[in-house]
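Working notes, beginning with the structure itself.
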Amino acid sequence: MARAWDIGDLSSAERSDAVHDVIARMTGSVNIRFPQKGKSVEASGTTSHVGPMTLATVKTNAMSVQRTSLHTGDGFDASVYLGLQIQGFSTVIQHGRQATLRPGDLIVYDSTEPYTIVDTSGIWQHFFKIPTERLALPLETLRKSSATNLAPGHTIANMTAHHFARLAADPRDFEGLTTSAVGQPSIDLLRVAIATHCDDEGSTHREILHDSLPTRIMEFIRSNLANPDLGAALVAAEHHISIRYLYKILAAEGIPLSEWVRTRRLEECKAELSKGGPASGTIETVARRWGFTDMSSFSRSFRTAYGMTPRDWRSLHRNRPI
């Protein structure tokens, strides 16, 4: 269950220690530098679990978080952190390297080595804590990838950023799902992003690419639901495999492609039409926004799935109290 926290109700004298306690439970021992005297300490966030990963969203006016060589001997579980910048800019320093993050950028760093996170305007990030053993990458690969932007603009890096941003947006949607359903596939996607970023063409990289193919295929499909051309030919071409092999992979996952895509598109349309008002546009606009090109087919599919027409569904929710 997602747990929200906020130090706003605490006295000024208690706030610094409270933030240290919350952050330490997620990261191990750290030093935190707050604004100079005269400014109150502010911090809030949420923590939740997605399979083996711990997700923390933190918004604070703390200016830096530092884990030193003294801290790394505190016995905290060996973990890799994936940081996803929400707003503003921050800098992450590890292994003598530093990287500046912009909104949407991804970065990884290692809990067993000293690191520093700096943002003079206040830190606002999603952090995913992943057990190092689950990531299953060579230590040298982790070392090479830490404190570097994961190739912004690269197809796999963008796919990974989109996937983790969706997880972080509302982790309640994923709570209760099995590790195999969400957690490990997410970690597998990060593995291939790191290996690709490090330009590792050895056997480890080939193994990661092979093992993560189903995850990458499904993330591509999810990210392209709005594309009316989404289909087996496009998916297979994007991943440099034959259509026949694509269907073999999906069959092993128990996923009928056309039905899966249609169902997810209908769910997105239903969610928009549930808002009731005209802000999202006409019913046809909503349908086309999610990849439907034949309005008669869309209406029939919607009615079959939800027992009423899209118009009736929107009317039902139009005056519903929020």
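Quick rundown of the values:
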quantity: Calculated P(r) of the stretch 3-223 - Cα pairs past 31 Å, %; calculated: 18 percent
quantity: Magnitude of the charge dipole, the stretch 3-223, Cβ model with Lys/Arg +1 and Asp/Glu -1, debye to 20; calculated: 400 debye
quantity: Ellipticity estimate at 222 nm from DSSP helix runs (n ≥ 4, -39,500 (n - 2.57)) divided over the chain, nearest 500; calculated: -13000 deg cm²/dmol
quantity: Whole-number percent relative contact order across the chain, with pairs defined as alpha carbons under 8 Å at least 6 apart; calculated: 13 percent
quantity: Gyration tensor verdict on the stretch 262-318 (Cα atoms; rounded if a/c is under 1.5, prolate if a/b is larger than b/c, oblate otherwise); calculated: oblate
quantity: q = 0.22, 0.30 Å⁻¹, the stretch 74-135: log10 I(q)/I(0) [Debye, one scatterer per Cα]; calculated: -0.90, -1.30
quantity: Theoretical gain in end-to-end length, residue 248 to residue 143 [0.36 nm per residue, Cα-Cα removed]; calculated: 34.2 nm
quantity: Contour minus Cα-Cα distance for residue 289 and residue 165 (0.36 nm per residue); calculated: 42.6 nm
quantity: Gain in span if fully extended, residue 74 to residue 10, counting 0.36 nm per residue against the direct Cα distance; calculated: 20.3 nm
quantity: Sequence-separation-based contact order of the stretch 1-98, relative, with Cα cut under 8 Å and 6+ spacing, percent; calculated: 28 percent
quantity: Trypsin sites (Lys or Arg not before Pro), loop per DSSP, at most 15 other Cβ atoms within 10 Å - longest free stretch of the chain; calculated: 40-274
quantity: Spacing of the two label points (7 Å from each Cα toward its C-beta) at residue 234 and residue 2, in nm; calculated: 2.9 nm
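Quick note: the coordinates plus some simple rules give every number you see, no bench work behind them. Just so it is clear, the structure is predicted and the values come from calculations on it, not from any experiment. Note: ideal-geometry Cβ built from the backbone for every residue, glycine included; neighbour counts use all protein chains shown.
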